[in-house]
Amino acid sequence: MNNQAIAELLRNAMLNRTPVTQISKIRPEFSLSDANEVQEIGFNLAQAQGEKLAGYKMGLTSKAKQRDVNVFEPIRGYMLASTEIPKNGIVKMNSRIHPRVEPEVAVVLKEELRGPGVTLRDVVRSIEGIYPALEIVDSRYEGFIFKLEDVIADNTSAAGFMVGRVNLLPQIDELNLMGITVRKNGAIVETGAPAAVLGDPLLSVMSLANSLAEEAKSIPAGLVVLTGGITQSVSFVKGDKIEVEWPQEILSFIAE
Ligand code: 0L1
Ligand code: MG
């Protein structure tokens, strides 16, 4: 199976809610460079079907997330505009396989960041807003099991995102130690703080800009950047209510 066919397989798995065997099992020689190519082809397929780029994401930037899926390197992917969930909205289960939710910090830039050589100071200077957010991940692989190459090819399991409306930029110095809880049906199931993300989620934005530069890409102003799950992700099923609580704002949804 070539990279084009793999990208089509993964896109169809998402559209048809049918998980597939890990690519690394079908093609043992499948490399990181193949995986990045499949992710790119997958984006082009989505775009050809009318999808729009809403932003970029970093994944596996916290120890909790790395242990969660047994993959120990940060990865990057993209988010499609059609997957944005309105704040306190409904998450439709009929387009999902085995979704999980994770609390994140989202960053929006007021000016483009183009690497290589982007520093943390460059990031801070370029920020328009820092927002409470959550991401829904939904691996297209059977059993939610994959290797590094598999999950990159599968666009880092990206399946949805919600961004809050309170801009935390004025509190940038306190961001790392803000306490966050995730509740499922009222019970606290995860707690954490943004420092779990590389020590500072803004470092995740820096890494993203420098990593995109390897493909002559930048982070444009106005797009959403998800910096990576702060805690382990939390699975949910139809009927569950999820709430991600920050000191300033609660993001919630009901799975229907
Ligand atoms: O933080 C992340 O968004 C990680 C995504 C890839 C692993 C997963 O599916 O949980
Ligand atoms: Mg994530």
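The values are calculated or read from the model by the stated rules, or taken from the named source; none is laboratory data. Note that this is a predicted model, so its numbers are computed, not measured. Glycine gets a Cβ as well: all are built from the backbone with ideal geometry, and neighbour counts include every protein chain shown. Side chains are part of the model used for accessible areas, which takes the heavy atoms of the whole protein and leaves out ligands, DNA and RNA. Shrake-Rupley method; radii C 1.70, N 1.55, O 1.52, S 1.80 Å.
Condition first: under 23 Å from Glu102 (Cβ atoms) and among the charged types (D, E, K, R). Can you find one or more residues in segment 25-40 that meet it? Scanning segment 25-40, I find no residue that is under 23 Å from Glu102 (Cβ atoms) and among the charged types (D, E, K, R), so the answer is no.
Give the residue that is nearest to Asp122 (Cα to Cα), with candidates limited to residues of segment 77-108 that are among the small types (Gly, Ala, Ser) and open to solvent by 20 Å² or more (accessible area, probe 1.4 Å). Among those residues, the one meeting the criterion is Ala81.
Of all residues being open to solvent by less than 40 Å² (accessible area, probe 1.4 Å) and in contact with a strand residue (DSSP E or B) (Cβ under 8 Å, 6 or more places away or on another chain) in segment 63-75, which is farthest from ligand 1 (Cβ to nearest atom)? Just the residue, please. Result: Ala64. Going by the structure shown, is Pro116 at pLDDT 95 or above, closer than 21 Å to Tyr56 by Cα, surrounded by 20 or more Cβ atoms within 10 Å (Cβ to Cβ) and not hydrophobic (A, V, I, L, M, F, W, C)? No: the conditions fail for Pro116. Considering (1) over 15 Å from Tyr141 (Cβ atoms); (2) more than 16 Å from ligand 1 (Cβ to nearest atom); (3) open to solvent by less than 10 Å² (accessible area, probe 1.4 Å); (4) not acidic (Asp, Glu), the lone condition that Ala7 does not fulfil carries the number (1). Has segment 50-63 got at least one residue that is closer than 28 Å to Pro201 by Cβ and part of a helix (DSSP H, G or I)? Checked segment 50-63: at least one residue is closer than 28 Å to Pro201 by Cβ and part of a helix (DSSP H, G or I). Residues in segment 103-114 include none that are more than 13 Å from ligand 1 (Cβ to nearest atom), out of contact with any helix residue (DSSP H, G or I) (no Cβ under 9 Å at 6 or more places or on another chain) and in a loop (DSSP other than H, G, I, E, B). Residues in segment 223-256 that are open to solvent by less than 60 Å² (accessible area, probe 1.4 Å) and without any contact (Cβ under 8 Å) to a residue 60 or more places away in the chain were compared, and the one that is farthest from Val69 (Cα to Cα) is Gly239.
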